[in-house]
Structures are given as C-alpha cells and as structure tokens.
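Participant: Encoded as structure tokens, here's the structure I'll be asking about.
The values are calculated or read from the model by the stated rules, or taken from the named source; none is laboratory data. These figures come from a predicted structure and were not determined experimentally. Positions of Cβ are generated from backbone atoms using ideal geometry, with glycine treated the same way; all protein chains shown enter the neighbour counts. Side chains included, ligands, DNA and RNA excluded: accessible areas come from the protein's heavy atoms. Shrake-Rupley method; radii C 1.70, N 1.55, O 1.52, S 1.80 Å.
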Amino acid sequence: MSGVLKAVIFDVDGTLVDSVDLHAHAWVEAIRHFGYHAEFDAVRSQIGKGGDQLMPVFVPEKDLDRIEDELDHFRHELFARKYMPKVRGFRRVRGLFQHLHAEGLRIALASSAKGDELEHYKRAADIGDLVDVETSSDDAERSKPHPDIFEAALERLGLPAAEVVVVGDSPWDAKAAGRAGLTVVGVLCGGFAEQDLRKAGCAEIFRDPEDLQRRFATSLIGKRSPRAMGLLQPGGPQPGRPSARGASRMGA
C-alpha cells in the first residue's frame with residue numbers, strides 16, 4: 001500500500017458498539033419463534049451478515065420465500081423493543097473519530113443495520129456529529145459478505161478504493177470490503193477470532209477502537225493520513241471538510 005488515504009469506512013455492530021451478542025439473541029429467538037432450530041453460537045458466527053444472507057443458513061430454502069419478510073420484521077421489532085436499549089458504544093470511539101478528523105481523514109459508516117438502528121448506534125457511540133457519510137441496509141441490494149454496502153459508501157465519498165481503508169470486526173466485513181477492492185483493518189471487540197479475521201483478509205488487527213487510537217501513529221491508517229504525508233497546513237481546514245467538528249469535546 002502506498003499513497004495518501006482520504007477516508008476511513010467503519011462497520012458499526014461489533015466495531016463501534018457492543019451489539020453482536022444482542023443481535024445473536026434476537027435472531028435465535030426469532031428463528032425459534034417460527035419453528036426452526038438455531039443455536040446461539042451458530043447464529044453468532046453469522047452476525048455481520050445482513051438478514052438476507054443470515055436467514056438461509058437456518059431456514060430451509062423451501063420455506064424461505066414464504067416467511068422471509070415476516071421473520072425479518074419480527075426480528076427487527078424484537079431487537080428494537082428488547083435488545084437495542086442495551087447497546088453501548090465501545091470506549092474512545094468519539095475520541096478516535098476526532099483524531100481521524102484531526103489527521104485530515106473523512107469518516108463513513110457502512111452497516112448492515114436498518115436505518116433506525118444505525119441512528120441509535122450513533123447516539124450510543126456519541127458520534128452523530130462526526131460522521132461525513134453513512135450507508136445502511138437500505139442502500140444495498142445485497143448485504144455483507146457481498147460488497148454492495150462498501151461500494152455505496154465509496155460512491156458517496158466520491159473516492160477510489162485505493163484512498164480508503166475499512167475498519168470492521170467480522171470476517172464478513174473483511175470479505176465484503178476485499179471484494180470491493182478495499183484494505184481492511186480488523187478489531188477484536190466483536191468477539192471474532194484473530195485468525196479468522198486474518199484469514200478473511202485483514203491487514204492489521206487491533207483490540208478495539210481505543211487500541212487503534214493508542215497505536216494510530218504506527219498503523220497503516222496513521223502512516224498514510226494526510227497529516228503524516230505532510231498535506232495538512234497547520235491551523236488550516238482539513239481536506240474535504242470545512243472545519244473540524246466536536247472540538248469542544250476532544251476529551252471524549
């Protein structure tokens with residue numbers, strides 16, 4: 001990899017907010033409600049995919065067309081009512097985002113979550129004012145591990161894949177980003193094994209957003225940021241951004 005980076009695309013579930021187990025519980029409950037077998041560990045290993053890719057793993061193909069929409073709606077309502085209020089942001093997510101902006105990088109979110117879930121996650125992580133571009137399941141015909149959601153984020157950023165890095169927690173993030181031609185940095189806070197992330201294509205691994213911020217200078221993102229490449233003027237505006245946001249809360 002060489003050349004300056006201009007943006008970082010983040011997955012959300014398991015990367016910025018602690019929600020993977022909660023999603024798995026909701027899917028197990030929903031799948032069983034419709035009379036199908038689903039063990040927690042098996043479902044958890046599929047989190048990171050969208051529902052359109054997850055349901056076929058547990059629902060026979062002959063039944064899927066008949067119940068897919070109803071099952072997905074049931075799961076969504078169940079998660080919103082019972083599990084979403086329990087979602088919390090990981091430590092230092094806001095601080096990491098502020099650091100990225102200070103380095104001259106734009107920030108995008110690319111999540112398999114539905115739009116209302118994504119709004120809740122931004123509040124949970126306290127990053128609503130620090131996101132430049134976002135895409136949700138509403139913006140992709142196919143969810144991860146297909147590349148659609150990352151391709152939509154690239155289009156909204158108006159950047160080629162060579163100038164963007166993805167941060168995600170699951171092998172599905174890494175596979176989807178790789179299919180979009182993007183370099184991927186993995187985080188372990190979603191609970192997926194490091195060897196699985198590396199096998200899926202992650203170039204670097206960090207414990208969580210706080211660890212990425214702590215070791216930012218030596219990371220592949222930090223080494224290729226506009227500031228590291230000498231492209232920021234002291235006190236001047238950041239490339240692609242009229243001004244930094246959230247400056248009064250830099251200690252977050």
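Participant: Is it the case that Arg245 is modelled with pLDDT of 95 or more, open to solvent by 30 Å² or more (accessible area, probe 1.4 Å) and of a type outside the set (Asp, Glu)?
Facilitator: When the stated conditions are applied, Arg245 does not pass them.
Participant: Take the stretch 8-24 and flag every residue that is assigned to a helix (DSSP H, G or I) and either aromatic (Phe, Trp, Tyr) or surrounded by fewer than 18 Cβ atoms within 10 Å (Cβ to Cβ) (or both).
Facilitator: Asp21
Participant: Let me ask something else about it. Mind telling me which of the residues Ser137, Ser111 ends up being open to solvent by 10 Å² or more (accessible area, probe 1.4 Å), hydroxyl-bearing (Ser, Thr, Tyr), at pLDDT below 95 and farther than 28 Å from Gly230 by Cα?
Facilitator: Checking each option against the conditions leaves just Ser137.
Participant: Hey, could you check the stretch 25-55 for residues that are in contact with a Ser or Thr (Cβ under 9 Å, 6 or more places away or on another chain) and not polar (S, T, N, Q) and say which is surrounded by the fewest Cβ atoms within 10 Å (Cβ to Cβ)?
Facilitator: Per the criteria, the residue is Asp52.
Participant: Any residue at all in the stretch 190-208 that is in a helix (DSSP H, G or I), in contact with a His (Cβ under 9 Å, 6 or more places away or on another chain) and either at pLDDT 95 or above or open to solvent by 10 Å² or more (accessible area, probe 1.4 Å) (or both)?
Facilitator: no
Participant: Considering only residues that are among the small types (Gly, Ala, Ser) and modelled with pLDDT of 90 or more, which ones fall in the stretch 215-242?
Facilitator: Answer for the stretch 215-242, where residues must be among the small types (Gly, Ala, Ser) and modelled with pLDDT of 90 or more: Ala217, Ser219, Gly222, Ser225, Ala228, Gly230.
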